[in-house]
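The values are calculated or read from the model by the stated rules, or taken from the named source; none is laboratory data. Please read all numbers here as calculations on a predicted model, not as lab measurements. Ideal geometry is used to build each Cβ from the backbone, glycine not excepted, and the neighbour counts take in all protein chains shown. Accessible surface is based on the protein model in full, side chains and every heavy atom, while ligands, DNA and RNA are left aside. Shrake-Rupley method; radii C 1.70, N 1.55, O 1.52, S 1.80 Å.
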Amino acid sequence: MKIPFNKPSIIGNELKYVEEAVSSGKISGNGDFTKRCQAFFTEHYNLRQALLTTSCTDALEMAAILIDVKPGDEIIMPSYTFVSTANAFVLRGANIIFADSYDWHPNLDADQIESLVTNKTKAIVPVHYGGMACDMDKIMTLAAKHKLYVIEDAAQAIDATYKDDYLGSIGDLATFSFHETKNIISGEGGLLAINNNTFADRAEIIWEKGTNRAAFFRGEVNKYGWVDVGSSFLPSEIIAAFLYAQLEKLETIQQKRLAIWNQYYEGLKVLSNRGEIELPVVPEYAANNGHLFYIVLENLETRTALIEHLKRSGIYAVFHYLSLHKSPFYEHRNDGRALVNSDKFSDCLLRLPFYYNLSDENIDSIITQIHHFFAK
Ligand SMILES: Cc1ncc(COP(=O)(O)O)c(C=O)c1O
């Protein structure tokens, strides 16, 4: 038996649409499938504007350009996140001010943010870990009070909500990922949501290499040229065609993923009741989108031993982020504050195999193997 951590699936019209894109005679970016994907997002998730990108990393880099980050600006974000969340701003000269997670959840602790705000702070970047919402009311109130931008890193948060609002529709800007490990996939892929209208025109220009090409093709200007900084942030129609087919199956995918999540939760509850592991806690203001399933072990040694135990049965479970404030790249620039909860999740959090075609039998054998580990 071999159960990988992730396995991408074709679920509907992916290959048919890729073929259609090629036959249409246009496979560069911003064609018909790109527009259909963007319309899907604005309509379903109440976003003002949506631009497909080649990754969430790219969408974050666009966000940093849009809010005009300058050297010395400070950006507040959790230390427990992926390198791209920080890199996008570091590339423009920002200093990253890392906040700790809650002890009960990897999301950044909203009550700690205000003490980190200075007159150099430009933005807060909440990361919705596992697609579970950060405390957005607190974050948006604080941002309004100090005139800061909010950029939601919603890489994992498609189809998830905070109270009645979809994640990605709350901050000034938000970024999504369609990397092969996400709920909706296109291999690599991403999206920038623009909810603050002041960014609308410039976003499209930065997306198209700093030109007003998109406005030209809509007939709004009679020639196009270099009007701003930018890069090639838009994906080809082949990516967009694949993605659109996945979006058509969103409901089916989400139902399946939530069923997987619930099967893990039910099967492992008894270990949590016995105090052997911590299970994910869905904050009361958040709706679960079935993005990933994690358990938290007592310490690093137990996690390493469990990873090895599962591997011997062909099961590939993996840890996740490593605290960025302690990374070889950033440690010497960090201000020395201890972020104990971020370190706890770095050392002790373990993600279990999670993908659309994961069978009930496979989930049961993963649960059984975890029980065996603790029975020893
Ligand atoms: C929180 C977070 N932000 C950004 C990214 C980058 O996403 P992408 O691989 O689409 O660039 C990831 C990657 O998984 C992530 O976990």
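Computed FRET efficiency, Cβ-Cβ of Tyr285 and Asp103, R0 22 Å: what is it to the nearest 0.05?
0.80
For the pair Arg333/Leu91, report the inter-label distance in nm, with labels modelled 7 Å from Cα in the Cβ direction.
1.4
With the other protein chains left in place, how much accessible area per residue, in square angstrom, belongs to the chain at a 1.4 angstrom probe?
Accessible area per residue, the chain: 42 Å².
Which residue, Asn341, Asn288, Asn13, tops the fluctuation ranking in a GNM of the chain built on C-alpha contacts under 10 Å?
Result: Asn13 has the largest fluctuation of those listed.
Considering only protein heavy atoms and a probe of 1.4 Å, how much of the accessible area of the stretch 250-376 is carbon and sulfur, as a whole percent?
Here carbon and sulfur together make up 52 percent of the probe-accessible area.
Please report the net charge: other residues with Cβ closer than 13 Å to the Cβ of Arg333, K and R +1, D and E -1.
-1
What net charge do the residues around Asn362 carry, taking every other residue with its C-beta under 11 Å from that of Asn362, with Lys and Arg at +1 and Asp and Glu at -1? Write down the numbers at each step before the final one.
Values: positive: Lys2, Lys7; negative: Asp360, Glu361, Asp364.
Every neighbour counted, the sum reads -1.
Angle check, please: helix 300-312 long axis (alpha carbons) against the longest principal axis of the chain (alpha carbons), in degrees 0 to 90, nearest 10.
Once rounded, one gets 90 degrees.
If you roll a 1.4 angstrom probe over the protein chains with everything in place, what fraction of the accessible area of the stretch 141-215 belongs to carbon and sulfur, to the nearest %? Show your work: numbers first, answer last.
Numbers: 1160 of 2530 Å².
Percent of accessible area from carbon and sulfur atoms in the stretch 141-215: 46.
Residue separation times 0.36 nm, minus the C-alpha to C-alpha distance between Leu15 and Arg218: what's the value?
Stretched fully, the Leu15-Arg218 segment lengthens by 70.1 nm.
Could you check what % of the DSSP bridge pairs in the chain are antiparallel, to the nearest 5?
Expressed as a percentage, antiparallel bridges in the chain total about 60.
Note the full-extension length gain between Thr304 and Lys145 as 0.36 nm times their separation in residues minus their Cα-Cα distance, in nm to one decimal.
Details: separation 159, 0.36 × 159 = 57.24 nm, distance 4.38 nm.
Once the chain is fully extended between Thr304 and Lys145, it gains 52.9 nm.
Can you tell me the length gained on complete extension of the stretch Thr252 to Lys269, counting 0.36 nm per residue apart and subtracting the Cα distance?
Working: separation 17, 0.36 × 17 = 6.12 nm, distance 2.59 nm.
Stretched out fully, the Thr252 to Lys269 stretch lengthens by 3.5 nm.
What is the sum of charges around Gly72, taking Lys and Arg as +1, Asp and Glu as -1, for the other residues whose C-beta is under 11 Å from the C-beta of Gly72?
So the environment of Gly72 carries a net charge of +2.
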